[in-house]
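Please treat every number below as a calculation from the coordinates, not as lab data. Owing to the predicted nature of the structure, the values given are computational and were not obtained by experimental measurement. Glycine gets a Cβ as well: all are built from the backbone with ideal geometry, and neighbour counts include every protein chain shown.
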Amino acid sequence: MTDILPFLKSIISVSGLSGYETPVANLIEEKWTPLVDEISRSRLGSIHGLKKGSVSGKASRPSVLIATHMDAIGLMVTRIVDGFIYVTNIGGVDSRVLPGTPVIVHATKSGEELYGVVAMPPANLLPEGQSSGAIALKYLMIDTGLTPNQVSKRVHIGDRVAFNTEPVEMSGGFVSGHTLDNRASVAALTICLEELKSKSHVWDVWALASVQEEVTFGGSYTSTYQLRPTIAIALDMTFGKGTGSNDYQAFPIGKGVTMGIGPSIHPFLHKRLKEVAERVEIPVRDEAVPDYSSTDADAMQLTAEGIPTMVVSIPQRYMHTPVELVALKDIQRAGRLLAEFVASLEADFINKIAWD
């Protein structure tokens with residue numbers, strides 16, 4: 001199987017915050033172009049890669065949409081005081097882990113990337129009651145090392161701020177870095193496309209790298225409406241077991257992927273995926289999703305007349321931090337499982353689907 005690590009490291013080394021995904025989109029499009037028959041971008045910037053199936057004698061083929069989101073959480077400039085940059089969050093950012101984090105300020109005025117670090121004021125300068133425990137985001141600031149005049153000439157209200165932690169290869173086949181949620185899934189979908197180059201499949205496959213999942217589901221709503229797939233799968237991340245996260249909502253990393261069960265998930269697709277996983281000996285665990293899945297599945301299922309949808313997730317630790325951690329073998333497993341599932345789809349599979 002192809003070594004996916006170099007590609008994964010490349011896409012978690014660039015920014016691409018929700019609504020501003022172009023830097024990572026360019027890398028994904030370059031990687032996917034030789035793996036698909038057609039590639040395009042939606043009006044919102046999502047990437048659509050079409051791998052054609054082999055159903056003959058029909059005007060159109062059934063299609064499966066496999067959605068991964070390429071956008072990242074991050075920060076946005078709200079004000080500048082004495083050369084220090086104050087920010088708010090884009091997506092779900094946990095302020096507890098921010099102090100000391102290296103960042104890049106994308107300065108639109110000058111077109112520069114300014115390197116900085118998230119700092120917090122001394123305790124005696126914080127309002128009463130705010131100096132102990134986690135410091136609220138509104139009190140944190142970014143120091144670029146520039147003078148107030150230099151900052152004011154370069155930085156603009158609304159400029160984006162991205163994490164700038166380097167990818168790290170960990171012991172035991174793990175990798176750590178920012179934005180593994182959800183670019184680890186983009187890597188898994190890339191593996192799926194590579195596997196399908198040597199597999200026969202009758203269904204069309206739409207590979208989707210969606211925009212804005214972390215804030216609006218804008219990419220998954222619009223792309224699903226545009227492409228109108230027969231069925232859909234959201235490939236995302238889930239919580240990995242670690243200190244203080246050992247209940248039913250967390251899963252061991254390096255031990256396989258999870259398959260959602262809940263209102264956003266079609267039980268027939270869950271059944272088929274589980275059968276495929278057992279046949280090819282890929283370890284999977286059921287994941288209870290009793291409400292919204294908080295993935296692109298929530299949007300895809302409700303598009304147009306409704307799309308039968310499934311959620312497959314890769315466990316990771318330290319979700320929505322600059323040092324997320326995932327097992328490479330789980331990325332490989334997710335990609336192979338999806339390829340085997342696509343290859344298993346009969347021409348009349350959709351006629352068998354029932355919500356039981």
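Remarks
- Taking packing as the residue-averaged number of other Cβ atoms within 10 angstrom, the listed peptides 284-295, 328-339 run from highest to lowest as 328-339, 284-295.
- When the Cα convex hull of the range 227-272 is projected onto planes of every orientation, the mean area is 4.5 nm².
- Here each label is just a point 7 Å from Cα along the line to Cβ, and for Ser131 and Ser54 those points are 7.2 nm apart.
- For the pair Thr78 and Asp356, label points projected 7 Å from Cα toward Cβ lie 5.2 nm apart.
- P(r) tail for the chain: Cα pairs beyond 31 Å make up 35% of the total.
- Cβ-Cβ FRET estimate between Ser344 and Lys197, R0 fixed at 22 Å, reported to 0.05: 0.85
- Considering only Val280, Val186, Val323, the Gaussian network model of the chain with Cα springs below 10 Å gives its largest mean-square fluctuation to Val280.
- Most tightly packed first, judged by the mean number of other beta-carbon atoms within 10 Å of their residues, the peptides 153-165, 216-228 read 216-228, 153-165.
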